[in-house]
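Q: Take a look at this one; I'll ask things after.
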Amino acid sequence: MSLAAVRPVGHGLAIEVEGLHRSFGPVHALRGIDLEVALGEIHALLGPNGAGKTTLMRILSGLVDPSEGSAYVLDRRAGRSSELRAVIGMVPSGDRTFYLRLSGLENLTFFARLHGMRRRPARERAAELLAAVGLADAATRPISTYSHGMQKRLSFARALLADPQLLLVDEATHDLDPVAAQQVRDLTVAAAERGAGVLWATQRIEELHGFARTVTVLDHGTVAFAGAVTALAAMGGGDRHILQLGRASVPPASVLDGLGTLEPAADPGHFLLALAPDATLGAAIAALAAAGVEIVACRDERQPLERAFLAVTGEQAA
């Protein structure tokens, strides 16, 4: 590796991308991406299908070369490097690299051996991670008998075998039930707490609260938003709820007395309640009930993160 491919060490970044482009013939998958992910940070990557998330992941893991721009991973230029492969854990969106006739334990032991572990420690580490992702009972079963969700969990376990300094996770919880998805997120948080950088691509916007601190939203290969998750949520406005009222007319604005606003929704007899920043849903409902307004039903409108995502990507609500 040339000296030009190595960055000054110690600036605390797991990923540093600047002006990154990637084209596949006439298709421009990435158009000038900038991205930074710190060590010890979980950084979310959002975007609609075709936004460029998987292409970016493949460049960072060394599977694809950029057409233009720079991508540094752990102070080294991203590329096909055995040094980088040893410190990166990759969870692809689709994984076809397991040996289907071998068991989950045999597969993980084999890959641990490739990381240089001796046979007994490799088998112990494999068993430990199988238990961590909820696959201990299926450890000796052939991979061919695993469901897609089980194979996804196995892929995540493999990414953690060598305690990587960088985790690249592409739709890790897409096919998982809530319990398994939480197991995977907990393991990710533990990896970040040990100092690993994490780039977490997902379309489950709701899982970002209390999980990722920063987020980049891609849209048609460009950065539509980059910053704190809380800042993205703020772009979606405050809490909003759909109320079905027993009366077809809007109560006087004075009823809510600064708690929020109430406007007609698309469906007859339904109204959009937008709460003021410091107001609670309970207080607003109590004020309406005290004024004699009959509330038949109440449900959440789209959450702020979802509304902000739709706004920055120009997507239409379903």
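Q: Quick check: anything in the stretch 218-235 of a type in the set (A, V, I, L, M), part of a helix (DSSP H, G or I) and within 24 Å of TYR72 (Cα to Cα)?
A: Looking through the stretch 218-235, at least one residue is of a type in the set (A, V, I, L, M), part of a helix (DSSP H, G or I) and within 24 Å of TYR72 (Cα to Cα).
Q: Out of everything in the stretch 48-75 that is crowded, with 17+ Cβ neighbours inside 10 Å and among the charged types (D, E, K, R), what residue ends up being nearest to LEU35 (Cα to Cα)?
A: LYS53
Q: Would you check which residues across the stretch 77-90 are crowded, with 17+ Cβ neighbours inside 10 Å and either without any contact (Cβ under 8 Å) to a residue 24 or more places away in the chain or in contact with a Leu (Cβ under 7 Å, 6 or more places away or on another chain) (or both) and list them?
A: ALA78, LEU84, VAL87, ILE88, GLY89, MET90
Q: Can you report the number of residues in the stretch 80-115 which are over 22 Å from MET57 (Cα atoms), of a type outside the set (A, V, I, L, M, F, W, C) and assigned to a loop (DSSP other than H, G, I, E, B)?
A: 2
Q: May I ask you to list the residues in the stretch 116-127 that are over 17 Å from MET150 (Cβ atoms) and either in a helix (DSSP H, G or I) or among the small types (Gly, Ala, Ser) (or both)?
A: Once the filter is applied, which keeps residues that are over 17 Å from MET150 (Cβ atoms) and either in a helix (DSSP H, G or I) or among the small types (Gly, Ala, Ser) (or both), the stretch 116-127 yields GLY116, ARG119, ARG120, PRO121, ALA122, ARG123, GLU124, ARG125.
Q: Run ASP95 past the list (1) at pLDDT 95 or above; (2) surrounded by 15 or more Cβ atoms within 10 Å (Cβ to Cβ); (3) of a type outside the set (Gly, Ala, Ser) and report the number of the one that doesn't hold.
A: Among (1) at pLDDT 95 or above; (2) surrounded by 15 or more Cβ atoms within 10 Å (Cβ to Cβ); (3) of a type outside the set (Gly, Ala, Ser), the lone unmet condition for ASP95 is (1).
The values are calculated or read from the model by the stated rules, or taken from the named source; none is laboratory data. From a predicted model like this one, the values you see are computed outputs, not experimental measurements. Neighbour counts run over all protein chains shown; Cβ positions are idealised from the backbone, glycine included.
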